[in-house]
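Inspection log for the structure reproduced underneath, given as structure tokens.
The values are calculated or read from the model by the stated rules, or taken from the named source; none is laboratory data. Since the model is a prediction, treat every value here as computed from it, not as a measurement. Positions of Cβ are generated from backbone atoms using ideal geometry, with glycine treated the same way; all protein chains shown enter the neighbour counts. Remember, those area values only see protein heavy atoms, side chains included, never the ligands or the DNA or RNA. Shrake-Rupley method; radii C 1.70, N 1.55, O 1.52, S 1.80 Å.
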Amino acid sequence: MHPSEQLALISLPFKTLDLVPEKFEGIPRPLPPEDSLTAWVVLYFSTQVMGAPVKTQQAKQRDLEKFLRFYNQEVGHDQIDGWTPAVTKQFQKSLAQTLSNVTGKAYQETTINRVLATLRHFAAWLYKQRPLAAGDPFTGVRDIKVDAPSWNGLTSRQVLRLKTACEQRMSSCRKKYQNSYLESAVFYVLLQTGLRESELVALNVEQYHHKGLHMVARHKNKRVSTKVPLPSDARDFLERYLKTRKATHPLEPLAPLFLSRYGNRLAAQDVRRICQRILNQASAYLTDEEKFRFTPHMLRHTFLKKVTDKHGVHFAQQMSGNISIREIFRYTKPSQAEIDETVEKLF
């Protein structure tokens, strides 16, 4: 179906669109779909974004809503040919002056660049379907330059303290509402596979066999890893957890590999809570100077950095399951301490 025919199927006015907030100030009467920027945004979202992971859809929806809100308020209409490079540049400036609803602070440069990346992808798709009168609306629009992000992994000492905390909890946390075997299994599988927490919680029992996790769906780019190897430590802790679970929840093939204490599939927020409990145990006797942050995603950084150090960046890229050679450097860059040590030894 041609885009113009698809656009004709879109229901207007704005208040009927799920993508767009119900209330806008100063919105004119809806234009014919082929001339409406909002209609094209809805078509783009339904054909190019739907089907992506839920979090990706939500993030892109928020980005597009920000732009539509800006466009209708500042430009004053919904006519698509009013979108010019000057509008895009002004939108970029307005984002820099916008306060986040979450932090109450101005958007960081990385956040602004991410919003612009969503809009740039939409603009490239749109321009192929319906060229704009003023040309490409991203002509001359550049990302804000930011410092390279610091490495977000764990040191060997921190990993050791977390491993010790897992073992301590397994020996002391025996109450019915506690499941230290689950905690240790989750920690070791994340540490020794580099999976995201969203990929971990989606696993089923049937995917664990032959010393690995099979047909693992990668949530960022819809790829599937045929096999993710599980080292012996991760297998050991996973087997201990599954052994304790058999009595209450049979290990049927399509059952979730990891269950909450309520018998439901473990959620990503459950994984974050597990990591916090392990961190609390590890930090119990540390001074304020020795205490450290710990999130599930830091285990992915730690894993990919170790793989890179031993086998190179291309091997790490393969193990990551998704990312481009450009993006892998964000996970594998040396820490500041390693840079300082290397420079010290140069001469």
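Per residue, how much space in cubic angstrom lies within the convex hull of the C-alpha atoms of segment 220-261? Walk me through the intermediate numbers first.
Numbers: hull volume 4.8 nm³, N = 42.
Hull volume normalised by residue count: 115 Å³.
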* To do: Once every Cα of the chain carries one equal point scatterer and solvent is ignored, give the base-10 log of I(q)/I(0) from the Debye formula at q = 0.08, 0.12, 0.13 Å⁻¹, two decimals.
  => -0.53, -1.01, -1.09
* Structure fact -> Number of Lys pairs in segment 53-151 closer than 17 Å at Cα, excluding neighbours under 8 places apart unless interchain, is 7
* Structure fact -> For K93, the accessible surface traced by a 1.4 Å probe with all protein chains present amounts, in square angstrom to the nearest 10, to 120
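Determine the order of D288, D63 by accessible area, beginning with the largest, at a probe radius of 1.4 Å.
Numbers: D288 120, D63 5 Å².
Of D288, D63, the descending order of accessible area is D288, D63.
Please give the FRET efficiency for E327 paired with S156, using the beta carbon to beta carbon distance and R0 = 25 Å, rounded to the nearest 0.05.
Values: r = 25 Å, r/R0 = 0.98.
Approximately 0.50, to the nearest 0.05.
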* **Spacing of the two label points (7 Å from each Cα toward its C-beta) at A86 and T226, in nm** => 5.6
* ³J(HN,Hα) across segment 253-260 via Karplus (A = 6.51, B = -1.76, C = 1.60, θ = phi - 60°), whole Hz, x for Gly/Pro? -> x, 8, 6, x, 5, 10, 10, 6
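State the percentage of accessible surface on the chain attributable to carbon and sulfur atoms; use a 1.4 Å probe and exclude ligands, DNA and RNA. All intermediate terms of the calculation are to be shown ahead of the outcome.
Working: 10270 of 19730 Å².
Using a 1.4 Å probe with all protein chains present, the chain comes out at 52 percent carbon and sulfur.
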* **Charge context of L254, other residues only, Cβ under 14 angstrom, K/R +1, D/E -1** => -1
* How high is the relative contact order of the chain, given as a whole-number percent (alpha carbon pairs under 8 Å, six or more residues apart)? -> 15
* **Accessible-area ranking of I112, I339, largest first, probe 1.4 Å** => I339, I112
* Where in the chain are the helices, taken as whole DSSP H runs, whose Cα atoms extend 18 angstrom or more along the long axis and whose Kyte-Doolittle mean reaches at least 0.5? -> 180-193
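Net charge near D143: determine it from the other residues with C-beta under 11 Å of the C-beta of D143, scoring Lys and Arg +1 and Asp and Glu -1.
On the way: positive: R114, R120, R142, K145; negative: E109.
Net of charged neighbours comes to +3.
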* Near K175, which lysines are there with a Cα under 25 Å away, not counting those fewer than 8 places off in the same chain? -> K163, K243, K246
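Can you give the local net charge around R277? Use residues other than it whose beta-carbon is closer than 11 angstrom to its beta-carbon, Lys and Arg +1, Asp and Glu -1. Working shown, then result.
Values: positive: R169, R272, R273; negative: E183, D270.
Its environment carries a net charge of +1.
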* What is the extension gain from Q178 to E74, computed as 0.36 nm multiplied by their sequence separation minus the C-alpha to C-alpha distance, in nm to one decimal? -> 32.0 nm
* How far is the Cα center of segment 53-123 from the Cα center of segment 260-332, in Å? -> 30
* Asked: Can you give the accessible area per residue of the chain, in Å², using a 1.4 Å probe?
  -> 57
